[in-house]
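Input: a single structure, listed below in structure tokens.
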Amino acid sequence: MGQNPVLDFSGVDLVRNDQPVLHDINLTSSEHRIGVIGANGSGKSSFARLLNGLLQPTNGVAKILGHDVSLAQKEVRRRVGFVFQNPDNQIVYPVVSEDIELGLKGLKIPKDQRKEKVGEILSRFNLLHLRDRSVHMLSGGEKQMIALSSVLIMQPKMIVFDEPTTLLDLRNRNAVASTIMGLEQYVVLVTHDLELLADFDRVLVFEEGRIAVDDTPKAAISWYKKKMAL
């Protein structure tokens, strides 16, 4: 038996608020890192939200890591982490350690083990000094790294990023970019920051709810720049 593709979309349409958003998306992929680009309103963020069950197809079948997102939403969400553009939309608790620990509570992991795991993930990113810090006192880059840590501590197989560097200054943007490139998980990155995708395996360009280009980063980005007259 061969391994299931990481992403397997067949005839996927998506309608939101009576408006068609995605049209006939067909895609099979097992690449480690996939970039997603396109103009605002092109459907790329809606596509990203299909990948962990935040949205479900109106028509067609979307399988993520072998699981049909319409039939196994809970399983897909367990395996696919999601990092939003604005970490304030993701962070729940006022103290860093409490927020990172939140997901583990649902797994019925003993408290001492949860604390240990929080320490390990913070140490991984040299953030241990922020353990007891108020989230409201953090910089934008620190918040984004805490949001990512809260996802990674759940040990997902894939992480979807929806424009994670848009609100960051250059130093924090570079820190987040470096972290993304070092992840062992499958990565899908939606971004307007085209330079982030130079070393990715594949880039999809969305246009009016369809995949207009599916190619190498160089070819896909070149097409997109010409289309946008950049």
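Quick note: the coordinates plus some simple rules give every number you see, no bench work behind them. Please read all numbers here as calculations on a predicted model, not as lab measurements. Here the Cβ positions follow ideal geometry from the backbone for every residue, glycine too, while neighbour counts run over all protein chains shown.
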Checklist line | Scattering curve values for segment 1-127, log₁₀ I(q)/I(0), Debye with Cα scatterers, q = 0.19, 0.22 Å⁻¹ | finding: -1.12, -1.27
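If you filter segment 182-230 for GluC sites (Glu not before Pro), then keep DSSP loop positions with at most 16 other Cβ within 10 Å, what is left? Don't skip to the end; give the middle numbers.
Working: sites: 184, 195, 207, 208; in loops: 184, 208.
Taking segment 182-230 and a limit of 16 other Cβ atoms within 10 Å, the loop GluC sites (Glu not before Pro) found are 184, 208.
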Check: Angle, helix 140-152 long axis vs. longest principal axis of the chain, Cα atoms, 0 to 90°, nearest 10?
Finding: 90 degrees
Notebook entry, point to check: By how many degrees, between 0 and 90 and to the nearest 10, does the Cα long axis of helix 111-124 differ from the longest principal axis of the chain?
Noted result: 60 degrees
Notebook entry, point to check: Once the mean 1/r over all distinct Cα pairs of segment 148-210 is inverted, what Kirkwood radius in angstroms do you read off?
Noted result: 12.8 Å
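Let me know the Kirkwood hydrodynamic radius for segment 1-54, please, with Cα pairs as the basis and the value in Å to one decimal.
Details: mean 1/r = 0.0804 Å⁻¹.
Roughly 12.4 Å, rounded to one decimal.
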Next item on the list: Check cross-link reach from residue 74 to the lysines: straight Cα distance under 21 Å, and skip same-chain residues fewer than eight apart.
Entry: 63, 105, 108, 157
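Counting alpha carbon pairs within less than 8 Å and at least 6 residues apart, what relative contact order, in whole percent, applies to segment 99-172? Intermediate results must be reported in sequence, preceding the final value.
Working: 40 pairs, mean separation 30.1, N = 74.
Normalised by residue count, the contact order of segment 99-172 is 41 percent.
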Check: Comparing 110, 87, 20, which has the greatest mean-square fluctuation in the GNM of the chain with Cα pairs linked when under 10 Å apart?
Finding: 110
Next item on the list: Whole Å is fine, so just give me how far the alpha carbon centre of segment 46-81 lies from that of segment 169-230.
Entry: 21 Å
Note to self: To make sure I understand the rule: partners must be lysines, Cα under 22 Å from the Cα of residue 225, and not fewer than 8 residues away in the same chain. Which ones qualify?
What the structure shows: 44
Notebook entry, point to check: Given the options 192, 129, 67, which has the most mean-square fluctuation in a GNM of the chain, springs set between C-alpha atoms less than 10 angstrom apart?
Noted result: 129
Margin query: Net charge around residue 92, counting only other residues with Cβ within less than 9 Å of its Cβ (Lys, Arg = +1; Asp, Glu = -1)?
Written below: -2
Note to self: What does the C-alpha gyration tensor say about the overall shape of segment 109-174? Classify as rounded when a/c is under 1.5, otherwise prolate if a/b is larger than b/c, or oblate.
What the structure shows: oblate
